[in-house]
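Read through the structure below, which is laid out as structure tokens, and then see the notes.
The values are calculated or read from the model by the stated rules, or taken from the named source; none is laboratory data. Computed from a predicted structure; not experimentally measured. Ideal geometry is used to build each Cβ from the backbone, glycine not excepted, and the neighbour counts take in all protein chains shown. Ligands, DNA and RNA are excluded from the accessible area calculation, which covers all protein heavy atoms including side chains. Shrake-Rupley method; radii C 1.70, N 1.55, O 1.52, S 1.80 Å.
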Amino acid sequence: MLLFETVREMGHEQVLFCHGKNPEIKAIIAIHDTTLGPAMGATRLMPYVNEEAALKDALRLSRGMTYKAACANIPAGGGKAVIIANPENKTDDLLRAYGRFVNSLNGRFITGQDVNITPDDVRTISQETNHVVGVSEKSGGPAPITSLGVFLGIKAAVESRWQSKRLDGMKVAVQGLGNVGKNLCRHLHDHDVKLFVSDVDPAKAEEAKRLFGATVVEPTEIYSLDVDIFSPCALGGILNSHTIPFLKAQIIAGAANNQLENEQLHSQMLTKKGIIYSPDYVINAGGLINVYNEMIGYDEEKAFKQVHNIYDTLSAIFEIAKEQGVTTNDAAKRLAEDRINNIKHSKSKAIVAA
């Protein structure tokens, strides 16, 4: 990877490499764009195969957060952080050391909970910095509101594809049954959807079978099922040159970040197959909406109204894609960049006027 060229091409403002001893810590904080406000993005802790993989994850996720905030009309910029570590080696000392790195940015970056970071971990980080969200969990955490946003996104895609608001009788494959995937299954089950599920943890799959009457399939089978909708709710990179040829679903709408292994190539492959792809950073914005509202003082009515706007935003993206003959991925980027550029233009005019 050509580091500086990659950062320039992706438009990042700042990338920080956080390293320390006693405790040993390796972390990367990527700040993509702060036009709309301070960079917000959760922290994930993973034993990446190498440091380049960790950096790529931080860069792509932070850029996605910029677009996510813009599409959700949240006055925040995009950032993301990764800690390179095995979850088994996670300690309070490590988390507090990381908190000191976050605090050194003086509010330029605000973080929260992602993969292998628990609410208790967030509270440990908060002992060293105030620039962290999700400490109080006043809203019950991000999962319920994120899953609601994904459910609404599925409804928007169904209406775009079949001009129908009904979900009953449809077949949906859900990949990944963590807190978001499980809550999404509950919404779909309540609307008489026939569920097919997979998870690397057999116990989670069996729970979905017991609670929602779901059909459990092996993780490798989930791509080739004859279903209407495929909902990826695990980790990213699962839509690629190997898996896309197997897909029979006509809609992809799920909570996972960075679902497209290669954004341009694989969004085009999906479009050529006639599959409607719901851009992940639009459909899964409920988590950001949730923590942003916790940060400014939680108002449940306001937060849920913003989540319901995901339906309208995705509907607009599907229309842009049709009218302009572009992929839904490109349509979402254009919508986000237009909103960001409008703010930049307004700020420039204000400076000139002053």
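Residues within the reach of a label modelled at GLU319 (point 7 angstrom out along Cα to beta-carbon, backbone nitrogen below 20 Å), restricted to segment 147-168, are 152-166.
Ordering ILE117, SER147, ALA173 by Cα displacement along the dipole of segment 109-176 toward the positive end leaves ALA173 in first place; charges were set at the Cβ atoms of Lys, Arg (+1) and Asp, Glu (-1). Highest GNM mean-square fluctuation among HIS19, HIS308, HIS187, for the chain modelled with Cα contacts below 10 Å: HIS19. Based on C-alpha pairs under 8 angstrom that are at least 6 apart in sequence, segment 1-145 has a relative contact order of 25 percent. From a point 7 Å beyond the Cα of SER346 in the direction of its Cβ, which residues of segment 20-63 have a backbone N at a distance under 13 Å? Taking a point 7 Å out along Cα→Cβ of SER346, the residues of segment 20-63 whose backbone N falls under 13 Å are 35-37.
In whole percent, how big is the carbon plus sulfur part of the accessible area of the chain, probe 1.4 Å, protein atoms only?
Reported share for carbon and sulfur atoms: 50 percent.
Work out, step by step, the length gained on full extension between HIS308 and LYS209: first 0.36 nm times the residue separation, then minus their alpha carbon distance; give nm to one decimal.
That pair, HIS308 and LYS209, stretches by 32.8 nm at full extension.
Among 209-220, 280-291, 166-177, sorting by the average number of other beta carbon atoms lying within 10 angstrom of each residue, highest first, gives 280-291, 166-177, 209-220. For segment 193-278, go through all pairs of different Cα atoms, get the mean of 1/r, take its inverse, and jot down that Kirkwood value in Å. This gives a value of 13.3 Å. Basic side chains Lys and Arg get +1 at the Cβ, acidic Asp and Glu get -1 at the Cβ, and with that the dipole of the chain about its Cα centre reaches some 660 debye. Computed 3J(HN,Hα) for segment 248-253, one whole-Hz value per residue from the Karplus formula 6.51 cos²θ - 1.76 cosθ + 1.60 where θ = phi - 60°, is 10, 5, 9, 9, 10, 8, glycine and proline marked x. Taking every DSSP bridge with both residues inside the chain, close to 35 percent are antiparallel. Rounded to the nearest 10 square angstrom, LEU61 shows an accessible area of 10 square angstrom against a 1.4 Å probe. Amide hydrogen proximity for PHE196: with H placed 1.01 Å from N in the peptide plane, the residues at 5 or more positions away or on another chain lying under 5 Å are VAL172, ALA173, VAL174, THR215. For segment 222-354, the solvent-accessible area works out to 46 Å² per residue, with a probe of 1.4 Å and every protein chain left in place.
Couplings 3J(HN,Hα) for segment 311-319, derived from phi with the Karplus relation 6.51 cos²θ - 1.76 cosθ + 1.60 (θ = phi - 60°), are 4, 5, 5, 5, 4, 5, 5, 4, 5 Hz, where x marks Gly and Pro.
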